[in-house]
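One structure is given here, and the rest of the page talks about it.
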Amino acid sequence: MSIPTPLPRVAAFEKLGFGIFVHWGLYSQWGRGEWAQCIYNVHPDEYAKWMETFTAKDFDARELARMAKEAGAKYITLTTRHHEGFSLYDTCGLNEFDAPHSPAKRDLVKEFVEACREYDIIPFFYHTTLDWKWHNKKTNELSEEEFNEYLDYLYKSVEILCSNYGKIGGLWFDGNWSRKTSDWKEDRLYKMIHRLQPDAMVINNTGLSALGAVGASEEIDSVTFENNTARPVNREGMKKYVAGEVCKTMNSHWGRSNQDFNLLSPARVIERLCQSRGSGANFLMNIGPEAQGRIPNYEKALFELVGQWMKTFGEAIYNGKPVPGVKCQGNDFMLQNGNTYYYVAMDLSMGGDKNVVAATVSGPRAVEGFDKEIVSAKWMDDGEEGLFMQDVEKKLFTIKCDPFPYGTDMVVNILKIETR
């Protein structure tokens, strides 16, 4: 069975490779995660009081965009409205539950988009489809008549985002899983998006229970792997080529949680980024800004370190695509860009004196199913020649993978291979 050709917007999205997710809203002031209102059963009127203290005084869109740029991220996806129903953008009269009507008195999405353009970052808009504020009911509690009225409100909200902020990278929806049997009129919504924003990606998160599911609408451009590990998307026989994207929390919450210390290390972020690209998916790493929009110091430091790694290996992350039919040992994998291949060596240790460093693992690693003649191979961390043996007829080659030299631990190393 044949694999469809990706639309230009989908092919361009896949080349972005790495993005930053930003969950920020009224819930950030509470500091107990983005689902606190629902989990602690807070009435919408009571919850709305958080708007009275929402000043956004610490939100610096330029700092956010600059951090993404230095981290090697190509796009940022911002929660323009989360399930709480509060909008960071000007809802233009649809309601007054938005940032311009709060003490912030600013259209924060406008600031975000302008900063992204300044730093050559592509802005994406997260927008909830599940709403806990509209008519003071949760979307899954609405009658069918009320639900259809709500869909008109949702349509008009998204239309504002597609009309008032110039060209955007795409829309990232979340919440259809709350009414699995209802008609969300997705095609109507998505066709409006593509009419106003022809190059915009449309992504609708299928949630934890349907990882990698394509969904019903042919307008969808990417599947999602929420807080999980990507698997290769089987596109054979599909009517349309779809991309894949992994989104990952920094800790146990998407939104700010003041007492969540279960934080990822830079090493784990690098590994998850590589694993995602090895499965052909983008990697969207989340942060939860503090109450008034300040980026936590830990996240800033982490992305600075990830950015240093990306300066060395970013070429492979952005340009490489999975190589079908090639089998590597362990967690290793290969990526391809034309005649250039990248062997991604995972699980490497650091060498050194036995009195300082625990036992290290080294030796040859085999690659099966590779039939291209290798012309050169160099490790991207230091430019050293990679030692290998190849049997083209048997479609086999082995690579000598030494530990990182003492004083260095790049977590993942990549061998750049040129072929003919």
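What follows is calculated from the coordinates using simple rules that are stated; it is not laboratory data. Here the structure is a predicted model, which is why all the values come from computation and not from measurement. No Cβ is skipped: glycine too gets one built from the backbone with ideal geometry, and neighbour counts run over all protein chains shown.
Residue pairs exceeding 25 angstrom between C-alpha atoms, taken from Lys74/Lys395; Lys57/Lys311; Lys110/Lys300; Lys49/Lys300; Lys138/Lys239: Lys74/Lys395; Lys57/Lys311; Lys49/Lys300; Lys138/Lys239. Summing charges over neighbours of Trp132, with a neighbour being any other residue whose Cβ is under 9 Å away from its Cβ, gives +1 when K and R count +1 and D and E count -1. A straight Cα-to-Cα reach below 18 Å connects Lys400 with the lysines Lys327, Lys378, Lys416, residues fewer than 8 places away in its own chain not being considered.
Would region 125-220 count as rounded, prolate or oblate if I go by the C-alpha gyration tensor, calling it rounded below 1.5 in a/c and otherwise prolate when a/b exceeds b/c, oblate otherwise?
Working: a/c = 1.85, a/b = 1.26, b/c = 1.47.
Judged from the Cα gyration tensor, region 125-220 comes out oblate (a/c at least 1.5, b/c at or above a/b).
The alpha carbon centroids of region 374-420 and region 240-276 are separated by 28 Å. Label separation (Glu304 vs Tyr119): 1.4 nm, computed from points 7 Å beyond Cα along the C-beta direction.
Model label sites at Asp199 and Glu236, defined 7 Å from Cα along the beta-carbon direction, differ in position by 3.5 nm.
Under a Gaussian network description of the chain, with springs only between Cα atoms under 10 Å, the residue in Lys138, Lys248, Lys180 that fluctuates furthest is Lys180.
Each residue, Asn41 and Asn258, gets one label point 7 Å from its Cα in the Cβ direction; the gap between the two is 2.4 nm.
Nearest 5 percent is fine: what portion of the DSSP beta bridges confined to region 8-320 is antiparallel? All intermediate terms of the calculation are to be shown ahead of the outcome.
Working: 2 of 38 bridges.
Roughly 5 percent of the DSSP beta bridges within region 8-320 come out antiparallel.
Suppose every K and R has +1 on its Cβ and every D and E has -1 on its Cβ; what is the size of the dipole of region 225-311 about the Cα centre, in Debye to the nearest 20? All intermediate terms of the calculation are to be shown ahead of the outcome.
Numbers: 12 positive and 8 negative charges, 61 e Å.
Dipole magnitude for region 225-311 comes out near 300 debye.
Averaging Cα coordinates gives a centre for region 204-227 and one for region 82-101; these two points are 26 Å apart. Each peptide in 269-277, 343-351 receives the mean, over its residues, of other Cβ atoms within 10 Å, and ordering these scores from highest gives 269-277, 343-351.
I need the peptides 10-18, 236-244 ranked by packing, meaning the mean over residues of other C-beta atoms within 10 angstrom, with the highest value on top.
Per-residue Cβ counts within 10 Å, averaged per peptide and sorted highest first, yield 10-18, 236-244.
Highest mean packing comes first when the peptides 288-298, 73-83, 168-178 are listed by Cβ atoms within 10 Å, giving 73-83, 168-178, 288-298.
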